[in-house]
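K.L.:
Please find one structure pasted underneath; my questions will follow.
The values are calculated or read from the model by the stated rules, or taken from the named source; none is laboratory data. Owing to the predicted nature of the structure, the values given are computational and were not obtained by experimental measurement. Virtual Cβ from ideal backbone geometry, glycine too; neighbours counted across all protein chains shown.
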């Protein structure tokens, strides 16, 4: 049964154009071609990255944060109150005015005292700036590494093969070691981000990040298995470039270097709009979506690839909207803030400016990376 399902899933008519067969990807004459089994290593590599990340945040990001003036602030603990604690956990963290009146009567306190209790209780669960700085520092370091690696792997390669040529059986490019390791690093990184979504700082665009990371991994896996490596590597590089500036802006934001943060965010916004709203749709999407229709009829592989790329483009527009809101807010108030915000936004002490993260690459994104990136 397993073999039957496997044979059905990998039907040539689903993934390849009529002119190509899986036998075209068999190794021969010393040339190695892509195989789905090559990607199995990305999952254990993701767990290895999580271990590396732990030591990086502890021994590199934390000392750097202290050097820049980012310290771990311990929120004021609230006095234990069983009635209020039960309501906080079982009902809501943000009680209505009627709820406040009722709880105040039960606890024999004033409404203001109950309101302050809930505010401080929420702040206890709110991530501190040090944790945010550690996350941003890790992402900045790895995006920078991926971008340098991508440029090194791709700088002497042609911009993009017309995919109609690939789908018509030419060129059947053998696998290069640089392409293999680029994919392994990129996919392992996105797996690690996906594994850490539950423990990382949670924001209002949490669902968008999940979609971004999954779309990035799906697109990278698909482009690898069907040998569309050139388009996949270009999408990853286009997405990683902008994320460097975003994460660096976040780091200086948490450190309180507002002017530096603002400058880096403006650079990020410019790179984001150029790479994800100009190059990605008008260069890459054009080559994958429009050009093939001039030479062949749509088939499953063509549809599957472009649906994923279009999902990433929708995410780009979604995040681009927030970037424009941040820029508009800056022009009005001369301060850059994060329109997504954390789960808890009420504490003035903890309210800091922070830039929008993108996402596939995504990844990221990714496609988005990715995130597609990314």
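Residues checked against (1) over 27 Å from residue 175 (Cα atoms); (2) part of a loop (DSSP other than H, G, I, E, B); (3) in the same structural domain as residue 141 (by TED's automatic domain parsing); (4) touching a helix residue (DSSP H, G or I) at 6+ places or on another chain (Cβ under 6 Å):
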position	(1), (2), (3), (4)
212	no, no, yes, yes
262	yes, no, yes, no
275	no, no, yes, yes
297	yes, yes, yes, no
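K.L.:
Moving on to the next point. Output yes when any residue across segment 124-135 is over 26 Å from the mean Cα position of the chain (by Cα) and part of a helix (DSSP H, G or I), and no when none is. Show your work before the answer.
P.N.:
Restricting attention to segment 124-135, the residues satisfying the condition of being over 26 Å from the mean Cα position of the chain (by Cα) are 124.
Filter once more, so that each one left must be part of a helix (DSSP H, G or I): 124.
Checking segment 124-135: at least one residue is over 26 Å from the mean Cα position of the chain (by Cα) and part of a helix (DSSP H, G or I).
K.L.:
Look at residue 251 and say whether it is buried (at least 17 other Cβ atoms within 10 Å of the Cβ) and within 25 Å of residue 184 (Cβ to Cβ).
P.N.:
Numbers: buried (at least 17 other Cβ atoms within 10 Å of the Cβ): yes; within 25 Å of residue 184 (Cβ to Cβ): no.
Here the answer is no, as residue 251 does not meet what is asked.
K.L.:
Under the condition of being surrounded by fewer than 24 Cβ atoms within 10 Å (Cβ to Cβ) and within 18 Å of the chain's Cα centre (by Cα), which residue from segment 275-287 is nearest to residue 134 (Cα to Cα)?
P.N.:
The extreme case among them is 275.
Yes/no matrix, rows are residues, columns are (1) within 23 Å of residue 142 (Cβ to Cβ); (2) in contact with a helix residue (DSSP H, G or I) (Cβ under 8 Å, 6 or more places away or on another chain):
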site: 5; (1), (2): no, no
site: 10; (1), (2): no, yes
site: 42; (1), (2): yes, yes
site: 48; (1), (2): yes, yes
site: 60; (1), (2): yes, yes
site: 65; (1), (2): yes, yes
site: 84; (1), (2): no, yes
site: 113; (1), (2): no, yes
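K.L.:
Further question on the same structure: Would you check if there is a residue in segment 224-244 being over 28 Å from residue 269 (Cα atoms) and modelled with pLDDT of 85 or more?
P.N.:
Checked segment 224-244: at least one residue is over 28 Å from residue 269 (Cα atoms) and modelled with pLDDT of 85 or more.
Per-residue answers, yes or no, for (1) surrounded by fewer than 18 Cβ atoms within 10 Å (Cβ to Cβ); (2) more than 30 Å from residue 219 (Cβ to Cβ); (3) in the same structural domain as residue 217 (by TED's automatic domain parsing):
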{"residue": "64", "(1), (2), (3)": "yes, yes, yes"}
{"residue": "113", "(1), (2), (3)": "yes, yes, no"}
{"residue": "116", "(1), (2), (3)": "yes, yes, no"}
{"residue": "134", "(1), (2), (3)": "no, no, yes"}
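Per-residue answers, yes or no, for (1) surrounded by fewer than 23 Cβ atoms within 10 Å (Cβ to Cβ); (2) farther than 29 Å from residue 26 by Cα:
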residue: 230; (1), (2): yes, no
residue: 235; (1), (2): no, no
residue: 241; (1), (2): yes, yes
residue: 258; (1), (2): yes, yes
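K.L.:
Then there is this: Under 20 Å from the mean Cα position of the chain (by Cα), at pLDDT 95 or above and in the same structural domain as residue 132 (by TED's automatic domain parsing): does that describe residue 248?
P.N.:
Answer is yes for this residue.
K.L.:
Which pairs do you get when a residue that is more than 17 Å from residue 265 (Cβ to Cβ), found in segment 136-150, comes within reach of a residue that is outside any helix (DSSP H, G or I), reach meaning Cβ atoms under 9 angstrom, with the pair 6+ apart or on two chains?
P.N.:
Correct list of pairs: 146/369.
K.L.:
Quickly run through segment 8-35 and pick out the residues that are under 30 Å from residue 193 (Cβ atoms) and either surrounded by 12 or more Cβ atoms within 10 Å (Cβ to Cβ) or more than 33 Å from the chain's Cα centre (by Cα) (or both).
P.N.:
Selection gives 10, 14, 15, 25, 32, 33, 34, 35.
Residues checked against (1) touching a strand residue (DSSP E or B) at 6+ places or on another chain (Cβ under 7 Å); (2) assigned by TED's automatic domain parsing to the domain that holds residue 176; (3) loosely packed, with under 11 Cβ neighbours inside 10 Å:
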{"residue": "6", "(1), (2), (3)": "no, no, yes"}
{"residue": "39", "(1), (2), (3)": "no, yes, no"}
{"residue": "46", "(1), (2), (3)": "no, yes, no"}
{"residue": "52", "(1), (2), (3)": "no, yes, no"}
{"residue": "55", "(1), (2), (3)": "no, yes, yes"}
{"residue": "59", "(1), (2), (3)": "no, yes, yes"}
{"residue": "92", "(1), (2), (3)": "no, no, no"}
